[in-house]
Amino acid sequence: MKKLLLLFLLISGMACSQIQIIHFNAGWNSANDVPWFEELEDGKLKWIDIATDAKSQKEYKISVVPTILILVDGEEEERYQADISFSMQATKEEIQEAINEILMDQF
């Protein structure tokens with residue numbers, strides 16, 4: 001029985017990829033932070049200020065803020081960007097649905 005449980009844990013651990021959700025913004029645009037970002041579920045959340053982290057801005061090719069990226073095992077799966085008014089157009093529900101779909105595709 002212990003071996004079966006261990007096998008199940010091993011298989012389920014391999015099936016679940018690491019999902020990271022990154023919110024990029026800049027201090028000068030803090031009025032347009034995405035207020036519901038921390039409510040997103042099923043992924044590791046990270047916030048990056050491109051005004052102080054230019055390396056990340058280049059690495060992830062961020063040209064407009066705010067931008068939210070969904071990464072799976074370090075690879076970009078989805079990108080949501082602000083419009084010309086520097087405010088996020090995607091909704092919490094839209095982004096959470098994308099995360100849920102990624103999770104379902106892993107099984």
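Neighbours of Gln89 by Cβ distance under 14 Å: Lys/Arg scored +1, Asp/Glu scored -1, total -2. Here's how it looks for Trp47: its modeled amide H is under 5 Å from those of His23, which are all 5 or more places away or on a different chain. Summing +1 for each Lys or Arg and -1 for each Asp or Glu among the other residues whose beta-carbon sits under 13 angstrom from that of Val64 gives +1.
With Cα atoms as the point set, region 17-105 shows a radius of gyration and Dmax of 12.3, 37 Å. Applied to region 91-107, the Karplus parametrisation 6.51 cos²θ - 1.76 cosθ + 1.60 on θ = phi - 60° returns per-residue 3J(HN,Hα) values of 9, 4, 5, 4, 6, 5, 4, 5, 4, 4, 5, 4, 4, 5, 5, 6, 9 Hz, with x for Gly and Pro. Taking the Cβ of Glu38 as the center, what net charge do the other residues with Cβ under 15 Å away carry, scoring Lys and Arg +1 and Asp and Glu -1? That sum, taken over residues with Cβ under 15 Å, equals -1.
Read the figures in this text as sums done on the coordinates, not as results from a lab. What you see is a predicted model, and the numbers here were worked out from it, not measured in a lab. Please note: Cβ atoms are built from the backbone with ideal geometry, for glycine as well, and neighbour counts cover all protein chains shown.
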